[in-house]
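Student: Sharing a structure below in structure tokens format, with a few things to ask.
The values are calculated or read from the model by the stated rules, or taken from the named source; none is laboratory data. This one's a predicted model, so the numbers in the text were calculated from it and none came from an experiment. Glycine gets a Cβ as well: all are built from the backbone with ideal geometry, and neighbour counts include every protein chain shown. In case anyone asks, the SASA skips ligands and DNA or RNA and just uses the protein heavy atoms, side chains included. Shrake-Rupley method; radii C 1.70, N 1.55, O 1.52, S 1.80 Å.
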Amino acid sequence: MKPYYITTPIYYVNSDLHLGHAYTTVLADVFTRFHRLLGREAFFLTGDDEHGQKVLEAAQRAGISPKELCDRMSVRFRDLWTRLNIDYSHYIRTTDPGHVTVVQAMLQRLHDGGHLYAADYEGQYCVPCERFYTEKDLVDGGCPECHRPVELLKERNWYFRMSAFQDWLVAHIEANPDFILPHTRRNEVLGFLRQPLRDLCISRNKERMSWGIELPFDTDYVCYVWVDALLNYVSGAGLGQDGERFQSLWPADAHLIGKDILTTHCVYWPTLLKALDIEAPKSFLIHGWWLAGEQKMSKSLGNVVQPLDLIDRVGVDAFRFFLIREMVPWNDSSFSAELLVKRVNTDLANDLGNLLSRVTNLAARHFDGNLPAATGATGGGALRQAAELLVEGMEQRLERMDLYGLLEQVFGLLRLGNQWMEQCAPWKLVKTEAEAAGHVLADMAELLRLCASLLHPVMPVLCTRMLERLGAEAPARDGLCWKERGVGRIVHGDPLVPRMDEEAFLASLAPPAESTTADAPVPAAPGKTGDSSSPVGEGLIAFGDFGKVKLVAARILAAQPVKGADRVLQLSVDCGEVQARTIVAGIAADHAPESLPGRMICVVANLEPAKIRGILSQGMLLAAKGPQGLALLDPGPVPPGTPIG
Ligand code: MSP
């Protein structure tokens, strides 16, 4: 099998990186580590984008040469990746001589193949985005991407006959359903391709902008920064420098990108490759944005969260975990410091850390650290079964790049473990039936070992320490299953993840982090029922009565069938509160449980809890019954808990 080859975008060096950039890089790192854990060789490329107008202007502002700026920023970027424990295989800079040679060779190849032509062009140009637009593209007269003013430019330039590859690209996307993930983005690209595709301007006149790679066949021009940048994915894999490496790595398995660079990647890049006679990458994973409040976190908006600020306070592993656990990659996600504390306390300190601490404490105290074989009999085998089910579906989830779902399952498993721990109460049992208590603890320790192995790609340091406490081996492919003798001599120690004090943490952030939960007041239930005197007609309700209903946006965390009731599903739902709610909903006929985690829904949050099929349901979700069944109402990209009204 060829090595798994994954990339991140290369980041502009015009300013520092923020949490949004850190997300993509951590995500790629986690995928890489997962593939390695599964025994596959993996190559992970990241780097920085050093040419073009933005960088030139930043250097001018700083009063230094562009190369000096690049050198300084590149060191800062790599320092951040080191701090974040990013284990890249190669770091590419677009000023690397090897990359420059490849770009020039590829430009020459395009030229020789008749894929380029020179022509006069007049268009609206956005300097920061370095892109030409037509009048039609503009939004309120400004750039459709960054909304800044554009300027009318007329110049002779070189063009790539991208239009010649339009039909090929459509056919390629249609023949490869997972070429662009998620499928909503695939549809977006196909929609874009329903319009005639224009040719791509690939040059910049040196008189206007000289900070770039010179065109080998016309020295008055440098290469358009996007063409230069996209080629990093092949030059970084060894094209033109280490042919053997390139042969073994290409095509890339996954290019991870944010949704704002969809067209450049999913249209420009495959067509350029086609013209160069190089195979297309296997897939693109397009993620949403991290928002600060309602807005995209962005350097130009000045609302960024600096990763280092948080790493220093919560630790690297907790920060990595938060990024991966919190964002459903295909949606936007709001950052808030409160959410970070909640994740750390609920998932890490409680569900994971507390279970570990209880198990190691009892094992060390009553069994001298030596537990019997983990037969998996706890809960009538339920725990072991759930663990085995998770492991069985793990590779498929990874193939679909559904890391979010995988983590959701791991934490579902840990919650189940905690429930059985409570139910079996080995701390009591040990006094009367020591052997039985030993078996429960052995199952719990094995569960923790398996979860630590599965979470290792996300939190390498923390999970290594967990495995050490459990006397288990370092994570490896053959350890990713339920093992009767997976753990060794157990030792107890300090809590691995101390609970965070939310107040102290928030106070320590300067300037205070944005709160993202919309603070629009929740419609309060009036003291007396509605306004009975209001002249409402039949079938209408009084304004005040509607105000009594508390509707909130919520995210489905997990969904499972209910035994003996095939019309309902049991959902675990994040309504923005400290604890997830359970909702029993009659949606099983129209929604498979595995399609639900991550989806946003609207929930009636102040219904009196009711027992449905023996399960206490703590709310109701809203759905519209259409010809194709029940459509779940989606509140859009807002944080769980946002009031709807
Ligand atoms: N240099 C180009 C990429 C060239 S790749 C051949 C570029 N650089 S960038 O630094 O502006 O952005 C890099 C990535 O960061 C993009 O994928 C972009 O989507 C991502 N993000 C920037 N802000 C973001 C958020 N607020 N949230 C998540 N990711 C976002 O574009």
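Student: Within the stretch 422-454, work out how many residues are of a type in the set (A, V, I, L, M, F, W, C), under 27 Å from Val391 (Cβ atoms) and surrounded by fewer than 24 Cβ atoms within 10 Å (Cβ to Cβ).
Tutor: 4
Student: Would you check which residues across the stretch 571-593 are of a type in the set (Asp, Glu) and free of Cβ contacts under 8 Å to residues at least 60 places away in the same chain and list them?
Tutor: Asp590
Student: Evaluate the stretch 207-216: report whether one residue or more is at pLDDT below 95, charged (D, E, K, R) and open to solvent by 20 Å² or more (accessible area, probe 1.4 Å).
Tutor: There is at least one residue in the stretch 207-216 that is at pLDDT below 95, charged (D, E, K, R) and open to solvent by 20 Å² or more (accessible area, probe 1.4 Å).
Rundown of residues vs (1) open to solvent by less than 40 Å² (accessible area, probe 1.4 Å); (2) under 35 Å from the mean Cα position of the chain (by Cα), yes/no style:
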site	(1), (2)
Glu151	no, no
Arg156	no, no
Ser163	no, yes
Pro182	yes, yes
Arg194	no, yes
Val222	yes, yes
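Student: Would you check which residues across the stretch 377-404 are touching a Gly at 6+ places or on another chain (Cβ under 7 Å) and within 17 Å of Phe321 (Cα to Cα) and list them?
Tutor: Selection gives Tyr404 alone.
Okay, residues lined up against (1) open to solvent by 10 Å² or more (accessible area, probe 1.4 Å); (2) more than 11 Å from the ligand (Cβ to nearest atom); (3) aliphatic (A, V, I, L, M):
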{"site": "Lys2", "(1), (2), (3)": "yes, yes, no"}
{"site": "Ile10", "(1), (2), (3)": "yes, no, yes"}
{"site": "Asn14", "(1), (2), (3)": "yes, no, no"}
{"site": "Gly20", "(1), (2), (3)": "yes, no, no"}
{"site": "Phe31", "(1), (2), (3)": "no, yes, no"}
{"site": "Phe34", "(1), (2), (3)": "no, yes, no"}
{"site": "Leu37", "(1), (2), (3)": "yes, yes, yes"}
{"site": "Glu41", "(1), (2), (3)": "yes, yes, no"}
{"site": "Leu45", "(1), (2), (3)": "no, no, yes"}
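Student: Looking at Leu413, Leu403, which is the one that is free of Cβ contacts under 8 Å to residues at least 60 places away in the same chain, open to solvent by less than 10 Å² (accessible area, probe 1.4 Å) and either under 23 Å from Ala580 (Cβ atoms) or aromatic (Phe, Trp, Tyr) (or both)?
Tutor: Result: Leu413 is the single residue among Leu413, Leu403 that is free of Cβ contacts under 8 Å to residues at least 60 places away in the same chain, open to solvent by less than 10 Å² (accessible area, probe 1.4 Å) and either under 23 Å from Ala580 (Cβ atoms) or aromatic (Phe, Trp, Tyr) (or both).
Student: Looking at Leu621, Leu616, which one is closer than 28 Å to Leu403 by Cβ and more than 23 Å from the chain's Cα centre (by Cα)?
Tutor: Exactly one residue qualifies, and that residue is Leu621.
Student: For the stretch 301-312, enumerate the residues that are away from the ligand (no atom under 12 Å from the Cβ) and part of a loop (DSSP other than H, G, I, E, B).
Tutor: Selection gives Gly302, Gln306.
Student: Restricting to the stretch 177-226, count the residues that are among the aromatic types (Phe, Trp, Tyr) and under 20 Å from Asp260 (Cα atoms).
Tutor: 4
Student: Still on this structure, I have one more. Could you check how many residues of the stretch 236-252 are within 25 Å of Leu17 (Cα to Cα) and either more than 15 Å from the ligand (Cβ to nearest atom) or open to solvent by 10 Å² or more (accessible area, probe 1.4 Å) (or both)?
Tutor: 0
Student: Same structure, new question: Of the conditions (1) under 15 Å from Tyr221 (Cα atoms); (2) in contact with a Gly (Cβ under 9 Å, 6 or more places away or on another chain); (3) modelled with pLDDT of 95 or more, Arg161 fails just one. Which one is it?
Tutor: (1)
Student: Here is a further query. Checking Gly63 against (1) more than 16 Å from the ligand (Cβ to nearest atom); (2) at pLDDT 95 or above: exactly one of these is not met. Which one?
Tutor: (2)
Student: Now a separate question. For the stretch 276-300, which positions are within 8 Å of the ligand (Cβ to nearest atom), in contact with a Phe, Trp or Tyr (Cβ under 8 Å, 6 or more places away or on another chain) and in a loop (DSSP other than H, G, I, E, B)?
Tutor: Selection gives Gly288, Met297.
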